[in-house]
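The values are calculated or read from the model by the stated rules, or taken from the named source; none is laboratory data. None of the values given here were measured: they were computed from a predicted structure. Don't worry about glycine lacking a Cβ; one is built from the backbone with ideal geometry, like all the others, and counts go over all protein chains shown. The protein model used for the area step is the full one, side chains on, heavy atoms only, and it has no ligands, DNA or RNA in it. Shrake-Rupley method; radii C 1.70, N 1.55, O 1.52, S 1.80 Å.
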Amino acid sequence: MTTTKPTLLLVGYGMVGHRFLEALADTGAAARYRVVVLAEEPRPAYDRVGLTSYFSGRSADDLLLAEEGFTDRHGFEVHLSSPAVSLDPAARTVTTAAGHTLSYDTLVLATGSYPFVPPVDGRDAEGCFVYRTIEDLQAIEAYSAGARVGAVVGGGLLGLEAAGALKGLGLETHVVEFAPRLMPVQVDDAGGAALRRTIESMGVVVHTGIGTKAITVAEGRAVGMSFTDDSELATDLVVFSAGVRPRDQLAREAGLTVGERGGIAIDEHCRTSDPHVFAIGECALAVDGRVYGLVAPGYEMAVSVAQQLAEQAAQPFTGADLSTKLKLLGVDVASFGDAFGSTPGSLDVVYSDSRSGVYKKLVVTGEGELLGGILVGDASAYATLRPLAGTGRPLPVPAESLVLPAGADTAVSLGSSALPDEAVVCSCNNVTKGTIRAAVTDHQCTTVPEVKKCTRAGTNCGSCVKLLGTIVADELEAGGVEVDRGLCPCFAHTRAELYEIVLVKRIPTHRQLLAEHGRAPEGSEGCEVCKPTVASIIASLAPELEASGHILDGEQSGLQDTNDHFLANLQKNGSYSVVPRIPGGEITPDKLIVIGEVAKEFGLYTKITGGQRIDLFGASVDQLPMIWSRLVAAGFESGHAYGKSLRTVKSCVGSTWCRYGVQDSVAMAIQLELRYRGLRSPHKLKSAVSGCARECAEARGKDFGVIATTNGWNLYVGGNGGATPRHADLLAQDLDDEQLVRLIDRFLMFYIRTADRLERTSTWLERIEGGLDHVREVVVEDSLGIAEELEALMARHIGDYQDEWAATLADPERMRRFVSFVNAPGVPDPSIRFVPERDQVKPDLVLLATEEQLLAALDPDNAPFPADRILEEAR
Amino acid sequence: MTITASATRVELLSPAGWSPVCDWDLLVPGRGVAVLLPDGRQAAVFRDGSDRIYAVDNRDPFTGAYVLSRGLIGSTADGRVYVASPLLKQRFDLLTGECLDDEDVRIAVHTARSA
């Protein structure tokens, strides 16, 4: 006998609807029901919180929440583009816009909210938009192509997101907020002022304390706005982002109880006035009289209903924490707990620095327990402070030390050990520290991605991921999990340990290090991993070890990867590329001409690099000395593009030319590039100097980045572009030239000393115990007492610097390697040939397809430099 | 094949007989050199840390580029000496030509001696 499963109908497939489906699957409720989903939008649920990232390159598909096959796997019937238009609670049916009527046994409304558009004249004109769906963004993007000025009505969270998007689309951007400050719900007056200053410095114009009276329309299009203070603004595009309202129409028309100011009334089990109907998320009016416009409370409701449908003990929903941490226009804004100090007897601890746009306020009780706070400009402490708010435990350190800026004498930050097990680490998914620890101890998770999958912590906004990593690492360590941290099969030590051994025992060769400290059998050759790594350590410490400062001398010559061995970059066809150093990206016309002449003479493909220099491709090994003797004669030196070493220090044009510049960024970039050139490190090092807060040099994407302030320089560390982009963290601010250089000296030497092989500063900073705070303690406050030693090591490196290419050209011994064939010096390598493309050359890969191809192509008429002939034919 | 060195010239066997490669001193321990063979093919000749010499094809079968002579040599825990391609780092046993990272791939081995 078969029984028909009851039908569970979900109306609304947004973020909360999707979380509900996940919870149905997790709790097993999915198996008890035939689950039908009606979605209004043409695509499944997507990350609406991350909507703005659509403008920074995430496609609509990237934003989707469900992994491939999710709905099929669980047998969910999803109908896209099928909005529900009426509900008949008596008959238990819902009718769609297309006229289909569906019966249900249980109905869950997750209809979300709609953007509130104030009832002003002209609001429907062409050029007026809201900011809610991917379609809205696509419409704004298309319209902005013909626009110059854009205005956002609403200076709250979404309004500032929208402003960021307009700015990113290249529009002159205005924000109009009715309240006297930005983000009136989350921050106080002083916080709003700090936020405003920073946002204005980015070129967004902020108007507060005025209301929009009307949109001026000409020929059906918006052309301007008029305000309550009778001022006007000419604009081509208006985005309304003045809050949202619950979409309760379906329930309201069906006679379910709704709130006076909207929202479907629910009890603490999310049940509406009809026992067969639940409402969750932004459409619901919770028992505390609030409609929650954040995703985290919606998720709690979704899980609660799923648990009830699975007949499990369900967590009632009585209200939620409104804590938020966001990055708006690049500015951190966080607000948590009792942010406005409404608890009787509460006290404030405030730090405010209008110059850097940092404002921090902690609300505490007289006994020193944390109640809440507001962080603007630097919200790095949010992840540890928020879980402590309201726990009733006194803070482990004085509150004032927690608001002081990085680099101040007594600034501290709390580690994960300060948190009790019941502290909520991930507020989006309500995951406690205890749950995360259990994932490691009870579920054998050993990595952050595993823990994220197991607990859902850190899968939404991501602000807790760093803290998550620390908790996981602490727990693994406490559990005694052993991992082979050895560099390679030859050494059981990490790179950092080998560095210490080499330094302390003054071991100048790989062979000696392998014999005395390796784990490989006697007579081992070492391997392709430890040889270059040890060579790099020896190069970094050469003056200390009294080893040769040239990487092609003695044993070092045999340890280098091919790039270092030929002082050039190996390309796919066996040819090399050449990059002369162009410090700070500044170059004279004469030097540019030399590069052009050399490229032309040797038939090299030329391309501008991302680091503001010029890469010359297609040189064979025997051409390298000829190319470099020309370059060295013209005053160029090695750019070390081939080394795990300092690459470039990019710069913007700075205060010399730019009307916004506040410091001479070019001079500083040149000074830094010349100071650290040739420095061998665990991985490549990139840097940049920006002359003002507009950050045109993209310094925060670099290993060490410098940004000018009116008071000097801010130093950022640990940034990265590439596959895992990371914004650099502020290490210290308002430094003079001397302080800046001293801190970079220490930072780089500390990194070289403690990083793993091929570990960029970004991963090193995330991995190293204590993270940024520890690095700051060591580098800025000298907590280990090694600052002087680090500076001395750097000073010796700088004193020992020589241009590797000039030194190579001067030494016949070093020059002997630059032949294609040891038995036929002067004969070019016949496998390196080129074909034309866009007026330049590219490798002839057909020649390399089989050995026969090469043999067939060998004929005695070959020109000594085949590229010449190719180019001639191309011309 | 390997022969422990005592003399000063390195030679390579090809169908045309033994042909000179270079002076022994030109070989850097742990590195290789490229040799142009009379028929236009290329070989890579290596010297290891114990002064043994090896010769294999210079062509990297994974990329087609003639670059194996520019790879670093290493040894496995059981003592097999190999060269790692400088392009994508696949390792080739210098005695057998076997690729240690892909059992379907093998490169030709040549015979070198010091005389």
Next on the checklist: For the range A:321-414, take every pair of Cα atoms, bin their distances at 10 Å starting from 0, and report each bin as a whole percent.
Outcome noted: 18, 54, 26, 2
Item to check | For A:SER113, distant residues with modelled amide H under 5 Å away | outcome: A:ARG247
Item to check | Linear extension gain, A:PHE340 paired with A:ARG261, 0.36 nm per residue minus alpha-carbon span | outcome: 26.0 nm
Checklist entry - Across peptide A:822-834, what mean number of C-beta atoms from other chains lies inside 10 Å of a residue's C-beta? => result 4
Next on the checklist: Less than 19 Å from a label point 7 Å out along the Cα-to-Cβ axis of B:LEU88: which backbone N atoms in the range B:38-67 qualify, by residue?
Outcome noted: B:57-67
Checklist outcome for this item: Two pseudo-spin positions, 7 Å from Cα along C-beta at A:GLU141 and at A:VAL350, lie apart in nanometres by 4.2 nm
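Quick check of the Kirkwood formula: for the range A:514-618, what is the inverse mean of 1/r over all pairs of different Cα atoms, in Å?
Working: mean 1/r = 0.0609 Å⁻¹.
Evaluated over the range A:514-618, this radius sits at 16.4 Å.
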Checklist outcome for this item: Scattering profile of the range A:645-802 from the Debye formula, Cα beads only, expressed as log10 I(q)/I(0) at q = 0.20 Å⁻¹, is -1.31
Checklist entry - If the convex hull of the alpha-carbon atoms of the range A:161-286 is projected onto planes in all directions, what is the mean projected area in square nanometres? => result 10.9 nm²
Item to check | Distance between modelled label sites at A:TYR114 and A:ASP782, nm, 7 Å Cα→Cβ extension | outcome: 6.6 nm
Item to check | Karplus 3J(HN,Hα) series, Hz, for the range A:686-701 with 6.51 cos²θ - 1.76 cosθ + 1.60 (x for Gly, Pro) | outcome: 10, 8, 7, 10, 9, x, 6, 5, 5, 6, 5, 7, 6, 5, 7, x
Item to check | Efficiency of FRET between A:VAL205 and A:GLN739 - r from beta-carbon atoms, R0 41 angstrom, step 0.05 | outcome: 0.75
Item to check | Per-peptide average of other Cβ atoms within 10 Å, ordering A:278-291, A:350-363 highest first | outcome: A:278-291, A:350-363
Checklist outcome for this item: Quick P(r) readout (the range A:577-721; Cα-Cα; 5 Å bins; whole %) gives 2, 10, 19, 21, 18, 13, 10, 5, 2, 0, 0
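Solvent-accessible area per residue for chain A at a 1.4 Å probe radius, Å²? All intermediate terms of the calculation are to be shown ahead of the outcome.
Values: 36640 Å² over 875 residues.
That works out to 42 Å² per residue.
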Checklist outcome for this item: Links exceeding 29 Å between C-alpha atoms in this model, out of A:LYS433/A:LYS702; A:LYS167/A:LYS325; A:LYS167/A:LYS650; A:LYS452/A:LYS686; A:LYS607/A:LYS644; A:LYS505/A:LYS686, come to A:LYS433/A:LYS702; A:LYS452/A:LYS686; A:LYS505/A:LYS686
Item to check | Proximal charge balance of A:THR212 [Cβ under 13 Å; K/R count +1, D/E count -1] | outcome: -3
Item to check | Cβ-placed point charges (K, R +1; D, E -1), dipole of the range A:746-787 about Cα centre in debye, nearest 20 | outcome: 220 debye
Checklist outcome for this item: Unit-weight point scatterers at every alpha-carbon of the range A:586-633, Debye formula, q = 0.20, 0.25, 0.27, 0.30 1/Å: log10 I(q)/I(0) is -0.67, -1.02, -1.14, -1.29
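Which trypsin sites (Lys or Arg not before Pro) in the range A:131-214 pass both tests, a DSSP loop state and at most 14 other beta-carbon atoms within 10 Å? Spell out each step's value before the answer.
On the way: sites: A:ARG132, A:ARG148, A:LYS167, A:ARG181, A:ARG196, A:ARG197, A:LYS213; in loops: A:ARG132, A:ARG148, A:ARG181.
Sites meeting the loop and neighbour criteria: A:ARG148.
Equivalent ellipsoid semi-axes for chain A, as square roots of 5 times the alpha carbon gyration tensor eigenvalues: give them largest first, rounded to whole Å.
Details: eigenvalues 603, 208, 189 Å².
Value: 55, 32, 31 Å, ordered largest first.
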Item to check | Extension gain (nm, one decimal) between A:HIS269 and A:HIS74, 0.36 nm per residue minus Cα-Cα | outcome: 67.7 nm
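Between A:ARG630 and A:SER231, what length comes free when the chain is fully extended (0.36 nm per residue of separation minus the Cα-Cα distance, one decimal in nm)? If you can, show how the numbers build up before the last one.
Values: separation 399, 0.36 × 399 = 143.64 nm, distance 6.47 nm.
That works out to 137.2 nm of additional length.
Probe radius 1.4 Å, ligands and nucleic acids ignored: give me the carbon and sulfur share of the accessible area of the range B:9-114 as a rounded percent. Mind showing how you got there, number by number?
Details: 1870 of 3960 Å².
With neighbouring chains kept in place, the figure for the range B:9-114 is 47 percent.
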Next on the checklist: From the convex hull of the Cα coordinates of the range A:30-172, what is the mean projected area in square nanometres?
Outcome noted: 11.1 nm²
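Please report the carbon-and-sulfur percent of the accessible area for chain A; probe 1.4 Å, protein heavy atoms only, DNA, RNA and ligands left out.
Working: 18380 of 36640 Å².
The nonpolar share, carbon plus sulfur, comes to 50 percent.
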Checklist outcome for this item: Once accessible area is computed for B alone, A alone and the pair with a 1.4 Å probe, the total buried surface, to the nearest 100 Å², works out to 3100 Å²
Item to check | Separation in nanometres of the label points that stand 7 Å from Cα toward Cβ, at A:LYS453 and A:ALA179 | outcome: 4.1 nm
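Based on the Cα atoms of the range B:9-114, what semi-axes does the equivalent ellipsoid have, where each is the square root of 5 times one gyration tensor eigenvalue, given in whole Å with the largest first? Walk me through the numbers on the way to the answer.
Working: eigenvalues 82, 52, 27 Å².
Gyration-tensor ellipsoid for the range B:9-114: 20, 16, 12 Å.
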